[in-house]
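The values are calculated or read from the model by the stated rules, or taken from the named source; none is laboratory data. In this text the structure is predicted, and so the values were computed from the model without any measurement. Using ideal geometry, Cβ is built from the backbone for each residue, glycine included, and neighbour counts are taken over all protein chains shown.
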């Protein structure tokens, strides 16, 4: 870990943030890709292939029975993984010692962490080599206990910033987030949309004005063109459903990686 | 004790809170502020009281069940929420929330429904107030509550089938929340029970306190004081909290009756889903279990956070009854008193019937939260 100035003093920079800052400071755009943990026998190979294809960091989804921020694609992937016997324990066990090649963050819902116990959950992430964690149903108002535990254990809690947030709320989110600040690209749940929402550009711009933390936009980034457009105003994108759809379609690790390479190429060529 | 306002963080003891995506936080904060302001405004209260009286038909009567009392050996009273317009207590809350939504400038009501009673109430009030209405209902419930689906459509609402997960009430809530995330600018989520994120558990309780207050006055008149026992069915727990609110300060025993297949208090451990920290049926990893009940309205693995609190401090107790006991009780009230109860309300009666020996000589008030017309088709199949 290293330290970075900005956002009101010295903050600890973990592996996710370090790699994203390096990409940004080198003039590039960041690409974080979501892979559903436990989906099929080859999800870990998929994660490695996604890293090789140019993702800067990977979100590993730990499936939850009631994912209220997720649209049909990730819901389906969740259900398939759960039906296949995936649990938080099997996923974290698989990650332990698996060198994926880029920093990892898990994305799951708060009850998974709450049920395990926040300390035990954070320690499990750390011992599995997972650097960060995204909990989309844990807003700032309820995040205190988790932020404390994450800081103690050294996990980067990645917070979301929504298009509906008033101006006064965004600096508070940016001050508490680690890794990056996850700008929610639209009013709605995860999933591919035909057009990039105007709100994606807007949230990226609003966040960039107030923070030095990497600003990534996710939710509704389904094509390389949309990724390029959203990245013009922020530091990069999170791509989930478009990639997960390929996992659901069982195209194999290389097939998934092919799409990720298209995003990488487009972001590099802009 | 009387039922308290939750903490500023929306907690009843350790339960409650606001576990929603960031996108919805401004909406729940705005709702809380708007509710506080409206509730303190005599104009709002007068308008709501007028609708409750002239449109919903309040106050609802209290009926003494002379025939059943003789059979059971206790003095059995029913608070007749089944006689409200739309056939259940749900209208109290919907009138309150819809007026509030209008006041907040929202043009669309979004709701989830299990048995369809809350959906019908929402569709009804949307029609009255000229608002757009969209109701999510689980695919299984759409089939077993066909009549209510037709009712909602007749009233001009759009009924959307939730096909995810267990395809019952839990998933209707998920779909409604997903839709709310996308439509929060002009839609008000008219949540149907005392669950969800703060301020819903407290606000919905407040809108149902009218029934508890009436019941308190009516038992004073009938019994000369509060009853020994108050019994209500509990899914999310709105009718129960409504009637408990009238007797929490008395020495009355408060009993919530859950379905054996959806006993969040009885079988759950604290968990977070649908915006709240409350007792929840879940597995060792935190995956929410699917409830299984004959009654679509109680087919829910969670429970309102205030019930978790009342259970944890011992002010109310929560018991479970089986589907078979409910079917018995449904017929018992129909035959003995000429009142066909909702399957939900039949849970409370089933507990009274089962526990009759320990209730001998006591006065027992059951909240008859809804009428059974909607359940007749399902019962025809079950009793065939």
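It is to be established whether one or more residues within the range B:152-165 are outside any strand (DSSP E or B) and touching a residue at least 60 places away in the same chain (Cβ under 8 Å). There is at least one residue in the range B:152-165 that is outside any strand (DSSP E or B) and touching a residue at least 60 places away in the same chain (Cβ under 8 Å). Within the set B:156, B:261, the sole residue that is farther than 20 Å from residue B:118 by Cα and surrounded by fewer than 21 Cβ atoms within 10 Å (Cβ to Cβ) turns out to be B:261. Within the range B:322-361, the residues that satisfy the criterion of being within 20 Å of residue B:80 (Cα to Cα) and not in a helix (DSSP H, G or I) are B:338, B:339, B:340, B:341, B:342.
All told, residue B:293 meets the bar of being touching a residue at least 12 places away in the same chain (Cβ under 8 Å), touching a strand residue (DSSP E or B) at 6+ places or on another chain (Cβ under 6 Å) and assigned by TED's automatic domain parsing to the domain that holds residue B:263.
So that you can scan it fast, the table gives a plain yes or no per residue for (1) assigned to a loop (DSSP other than H, G, I, E, B); (2) in contact with a helix residue (DSSP H, G or I) (Cβ under 8 Å, 6 or more places away or on another chain); (3) touching a residue at least 60 places away in the same chain (Cβ under 8 Å):
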residue: A:17; (1), (2), (3): no, no, yes
residue: A:21; (1), (2), (3): no, no, yes
residue: A:33; (1), (2), (3): no, yes, yes
residue: A:41; (1), (2), (3): yes, no, no
residue: A:44; (1), (2), (3): no, yes, no
residue: A:47; (1), (2), (3): no, no, no
residue: A:51; (1), (2), (3): no, no, no
residue: A:63; (1), (2), (3): yes, yes, no
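Kindly indicate whether residue B:257 is touching a residue at least 12 places away in the same chain (Cβ under 8 Å) and within 12 Å of chain A (Cβ to nearest Cβ). No, not satisfied. Could you say whether any residue in the range B:278-295 is in contact with a helix residue (DSSP H, G or I) (Cβ under 8 Å, 6 or more places away or on another chain), modelled with pLDDT under 95, within 23 Å of residue B:118 (Cβ to Cβ) and within 14 Å of another protein chain (Cβ to nearest Cβ)? Scanning the range B:278-295 turns up at least one residue that is in contact with a helix residue (DSSP H, G or I) (Cβ under 8 Å, 6 or more places away or on another chain), modelled with pLDDT under 95, within 23 Å of residue B:118 (Cβ to Cβ) and within 14 Å of another protein chain (Cβ to nearest Cβ). Would you be able to tell me the number of residues in the range B:179-216 that are within 21 Å of residue B:316 (Cβ to Cβ) and either part of a helix (DSSP H, G or I) or touching a strand residue (DSSP E or B) at 6+ places or on another chain (Cβ under 8 Å) (or both)? Looking only at that region, the number is 21. Looking at the range A:87-109, is at least one residue touching a residue at least 40 places away in the same chain (Cβ under 8 Å), part of a helix (DSSP H, G or I) and surrounded by fewer than 18 Cβ atoms within 10 Å (Cβ to Cβ)? The answer is yes, given that some residue of the range A:87-109 is touching a residue at least 40 places away in the same chain (Cβ under 8 Å), part of a helix (DSSP H, G or I) and surrounded by fewer than 18 Cβ atoms within 10 Å (Cβ to Cβ).
Going by what's in this entry, would residue A:12 be described as at pLDDT below 95 and either closer than 30 Å to residue B:179 by Cβ or not in a loop (DSSP other than H, G, I, E, B) (or both)?
The answer is yes for residue A:12.
Check residue B:140 against each of (1) assigned to a helix (DSSP H, G or I); (2) away from every other protein chain (no Cβ under 14 Å); (3) surrounded by 24 or more Cβ atoms within 10 Å (Cβ to Cβ) and name the one condition it does not meet. Residue B:140 satisfies every listed condition except (3). Scanning the range A:152-179 for residues that are over 18 Å from the mean Cα position of the chain (by Cα), away from every other protein chain (no Cβ under 12 Å) and free of Cβ contacts under 8 Å to residues at least 40 places away in the same chain turns up A:152, A:153. Being closer than 27 Å to residue B:15 by Cα and either more than 9 Å from chain B (Cβ to nearest Cβ) or touching a strand residue (DSSP E or B) at 6+ places or on another chain (Cβ under 6 Å) (or both) is a property that residue A:93 lacks.
If you filter the range B:123-133 down to residues that are within 20 Å of the chain's Cα centre (by Cα) and under 17 Å from residue B:105 (Cα atoms), you find that the one that is surrounded by the most Cβ atoms within 10 Å (Cβ to Cβ) is B:125.
Of the residues making up the range B:3-33, those that are within 12 Å of chain A (Cβ to nearest Cβ), surrounded by 21 or more Cβ atoms within 10 Å (Cβ to Cβ) and in a helix (DSSP H, G or I) number 6. Could you tell me whether residue B:179 is surrounded by fewer than 21 Cβ atoms within 10 Å (Cβ to Cβ), within 26 Å of residue B:15 (Cα to Cα) and modelled with pLDDT of 95 or more? Judged against the criteria, residue B:179 is a match.
Among the candidates A:114, A:182, the residue that is outside any loop (DSSP other than H, G, I, E, B), without any contact (Cβ under 8 Å) to a residue 40 or more places away in the chain, under 30 Å from residue B:176 (Cα atoms) and within 12 Å of chain B (Cβ to nearest Cβ) is uniquely A:114. All of (1) part of a helix (DSSP H, G or I); (2) within 17 Å of the chain's Cα centre (by Cα) hold for residue A:121 with one exception: (2).
Please pick out the residue among A:256, A:217, A:239 that is in contact with a strand residue (DSSP E or B) (Cβ under 6 Å, 6 or more places away or on another chain) and touching a residue at least 60 places away in the same chain (Cβ under 8 Å). Among A:256, A:217, A:239, only A:239 is in contact with a strand residue (DSSP E or B) (Cβ under 6 Å, 6 or more places away or on another chain) and touching a residue at least 60 places away in the same chain (Cβ under 8 Å). Assessment of the range B:151-158 against the conditions (at pLDDT 95 or above and within 14 Å of another protein chain (Cβ to nearest Cβ)) yields no matching residue.
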